[in-house]
1. Within the range 218-241, count every residue that is closer than 11 Å to residue 185 by Cβ and part of a helix (DSSP H, G or I).
2. Return yes or no: is residue 204 at pLDDT below 95 and over 12 Å from residue 26 (Cβ atoms)?
3. Among the numbered criteria (1) surrounded by 22 or more Cβ atoms within 10 Å (Cβ to Cβ); (2) free of Cβ contacts under 8 Å to residues at least 40 places away in the same chain, which single criterion is violated by residue 221?
4. Enumerate the helices (runs of 4 or more DSSP H) found wholly within the range 17-120, keeping only those where 3 or more residues are modelled with pLDDT under 80 and more than 17 Å from the chain's Cα centre (by Cα).
5. Scanning for something in a loop (DSSP other than H, G, I, E, B), touching a strand residue (DSSP E or B) at 6+ places or on another chain (Cβ under 7 Å) and surrounded by fewer than 19 Cβ atoms within 10 Å (Cβ to Cβ), does the range 197-211 turn up at least one residue?
6. Would you check which residues across the range 139-158 are within 23 Å of residue 39 (Cβ to Cβ) and out of contact with any strand residue (DSSP E or B) (no Cβ under 9 Å at 6 or more places or on another chain) and list them?
7. Considering only the range 13-25, I want to know if a residue exists there that is farther than 21 Å from residue 230 by Cβ, without any contact (Cβ under 8 Å) to a residue 40 or more places away in the chain and in contact with a helix residue (DSSP H, G or I) (Cβ under 7 Å, 6 or more places away or on another chain).
8. Could you count how many residues in the range 128-157 are surrounded by 17 or more Cβ atoms within 10 Å (Cβ to Cβ) and in a helix (DSSP H, G or I)?
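The values are calculated or read from the model by the stated rules, or taken from the named source; none is laboratory data. Quick caveat: nothing in here was measured; it's all calculated off a predicted structure. Every residue, glycine among them, receives a Cβ derived from its backbone with ideal geometry; neighbour counts consider all protein chains shown.
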C-alpha cells in the first residue's frame with residue numbers, strides 16, 4: 001500500500017467521475033491518495049438499470065470506514081440529471097436490447113457523445129467548486145473500442161475545456177493504458193486486500209444490472225462483455241500474483 005505524506009500530496013481539488021463501478025472506484029482511491037480534497041460526480045443519464053447509481057453511496061461510505069486517512073479528504077458527492085442522453089440514444093445501455101456489434105464495428109453499448117457531455121458538465125461543476133482536476137476511468141487498452149475513451153480524445157478535451165473556461169483544467173485517466181488485470185493490481189497497491197474486497201463486494205459493472213450472484217470477481221450476470229472483462233482480468237491478476 002502506498003502512502004503519500006501531506007507535504008507530497010497535490011494541494012488541488014479533484015472531481016472524480018464516479019459511477020460506482022470497479023474502474024471509477026479504483027480511480028477514486030487513486031485520487032484520494034494524491035489530492036488534498038476529492039469530490040465525486042455521478043450522472044443519471046437514462047441508463048437501462050440504476051444498480052451502479054445505487055452502489056455509489058455505499059462504496060463511498062465503505063471507503064470512509066475502511067480508510068480513515070482518506071475519509072477526511074473525501075468531500076461532497078454530486079449527481080447530475082442527464083436523462084436527455086437516454087432520450088437521444090438508442091443503445092444497449094439505454095434500452096432493453098441484445099448486446100451486439102454494429103455495422104461500424106463498435107458494440108451497441110457505445111453511447112455516442114456520453115463522455116463528451118460528461119466531461120463538459122464535470123468541468124462546469126469543477127469550475128464552480130474550485131476544482132481543477134477531473135479524474136475518469138477511461139481506458140483504451142481493455143475496453144470495447146469506444147472512441148470517447150481514447151487518450152487522444154481526452155487530450156483534445158483537456159485543451160478545449162481549459163480554453164473554454166479560461167482556466168487550467170487537467171484530465172487525469174490513471175487507467176488509460178492498463179489492462180483489467182493491471183487495474184486489479186493498482187487497487188491492491190492503493191488499498192491492499194481491503195480495497196480489493198471492497199471492490200468485489202460493493203461495486204457493480206454488469207451491463208445487464210444483475211446483482212444476485214457473487215463471483216470471485218464481484219456481482220454480475222457473468223456473461224455480458226463487462227462481466228467477462230472483469231472476470232478474465234481478475235483471473236489474470238491472480239495468475240500473476
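1. First, the residues of the range 218-241 that are closer than 11 Å to residue 185 by Cβ: 233-234, 236-238, 240-241.
From what is left, the residues that are part of a helix (DSSP H, G or I) are 233-234, 236-238, 240.
Summing the residues that are closer than 11 Å to residue 185 by Cβ and part of a helix (DSSP H, G or I) in the range 218-241 gives 6.
2. When the stated conditions are applied, residue 204 passes them.
3. (1)
4. In the range 17-120, 84-88 are the helices (runs of 4 or more DSSP H) which contain 3 or more residues that are modelled with pLDDT under 80 and more than 17 Å from the chain's Cα centre (by Cα).
5. Checked the range 197-211: at least one residue is in a loop (DSSP other than H, G, I, E, B), touching a strand residue (DSSP E or B) at 6+ places or on another chain (Cβ under 7 Å) and surrounded by fewer than 19 Cβ atoms within 10 Å (Cβ to Cβ).
6. 139, 148, 149
7. no
8. Residues in the range 128-157 being surrounded by 17 or more Cβ atoms within 10 Å (Cβ to Cβ) and in a helix (DSSP H, G or I): 5 in total.
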